[in-house]
Amino acid sequence: MIAFLASLYMRFVFWTSCWARFRFDIPLAYLQNQKPFITCFWHSRLLLLPYAWPGKKNTFFMLISAHKDGRIISKTVKHFGIETIAGSTQRGGMGALREMVRLSKQGKTVGITPDGPRGPRFQVSEGAVMAAYFSKADLIPVTYSVKHHKVLQTWDHFFLPSPFSRGIVMWGEPIAYPKTKDQIVDVRKKLKMALDNLNQKADAQVNR
């Protein structure tokens with residue numbers, strides 16, 4: 001019931017708001033060229049990102065925690081035709097990592113919250129970049145913002161959009177996957193900077 005109500009709220013917010021789209025050509029180019037990539041977004045901006053996916057519904061999977069809140073999210077996004085992988089790239093999630101690599105080789109795309117499932121907030125975990133390393137998939141940041149919203153007092157400062165607003169869905173420039181393990185730290189820094197900058201740009205656009 002919670003998942004169903006959440007999906008209704010997501011649809012209500014999306015369809016009562018005026019939306020702009022920015023750089024959708026980036027993921028579309030990867031999809032058209034059948035080039036693997038991993039979609040990355042901060043945990044706080046998770047809610048409306050099912051609407052950011054430009055490809056076929058059965059080609060996108062989201063990595064979701066196996067905990068109770070993760071199961072709710074999993075049931076919610078399934079209302080949008082998005083499948084999920086139960087696990088984490090942080091806490092012994094080798095099974096989830098192997099599944100991500102398998103799906104990538106099949107031409108699927110996986111969405112990851114690099115600071116999920118429990119933080120620290122706005123910090124990229126090593127596991128997220130390791131997933132890119134093993135699957136040889138570039139990392140592409142994505143976010144959304146709306147003018148009217150609340151920031152909840154949760155660990156991730158969850159961004160709760162309000163209906164009847166003005167919003168934007170924004171993709172960022174791709175970040176090349178690390179070719180060697182020595183490059184992982186540098187890619188983590190690049191991904192954090194890209195996600196932070198993308199959030200700032202999206203927020204600035206809707207608050208003009």
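Quick notes on this one:
- Unit charges at the beta carbon, dipole of the stretch 2-206: most positive-side option, I38, W53, V77: V77
- Once the chain from K57 to A3 is taken as fully extended at 0.36 nm per residue, the excess over their C-alpha distance is 17.6 nm.
- For the stretch 46-162, the antiparallel share of DSSP beta bridges with both residues in that region comes to about 30%.
- Rg over Rh, two decimals, the chain (C-alpha only, Kirkwood Rh): 0.93
- Here's the list of aspartates and glutamates a cross-link from K179 could span, going by alpha-carbon distance under 17 Å and ignoring same-chain residues fewer than 8 apart: E126, D138.
- Per-selection Kirkwood Rh - the stretch 35-101 (Cα, Å, 1 d.p.): 12.5
- For T16, T59, T84, T180, order by how many other beta-carbon atoms lie within 10 Å, fewest first: T180, T16, T59, T84
- Cross-link pairs beyond the 18 Å C-alpha cut-off, checked among K35/K108; K136/K201; K57/K201: K136/K201; K57/K201
- Residue-wise HN-Hα couplings along the stretch 203-208, as the Karplus relation 6.51 cos²θ - 1.76 cosθ + 1.60 with θ = phi - 60° gives them from phi, are 4, 5, 5, 7, 9, 5 Hz; Gly and Pro carry x.
- Taking the number of Cβ atoms within 10 Å of each Cβ as an exposure proxy, the fewest-first ranking of M193, M62 is M193, M62.
- Rounded to the nearest 500, the 222 nm mean residue ellipticity of the chain from helices alone is -12000 deg cm²/dmol, with -39,500 (n - 2.57) taken per DSSP H run of at least 4 residues.
- Dividing the mean sequence gap of close Cα pairs (under 8 Å, 6+ apart) by how many residues the chain holds gives a relative contact order of 27 percent.
- FRET efficiency, I72 to M193 (Cβ-Cβ, R0 25 Å, nearest 0.05): 0.20
- Antiparallel %, DSSP beta bridges [both residues in the chain], to 5: 30
- Cβ-derived FRET efficiency at R0 35 Å, N33 paired with V185, nearest 0.05: 0.75
- Taking chymotrypsin sites (Phe, Trp or Tyr not before Pro) across the stretch 20-87, none is in a DSSP loop with at most 13 further Cβ atoms lying within 10 angstrom of its Cβ.
A short reminder: the numbers here are calculations on the coordinates, not readings from a lab. Nothing here was measured: the structure is a model prediction, and the numbers come from that model. Every residue, glycine among them, receives a Cβ derived from its backbone with ideal geometry; neighbour counts consider all protein chains shown.
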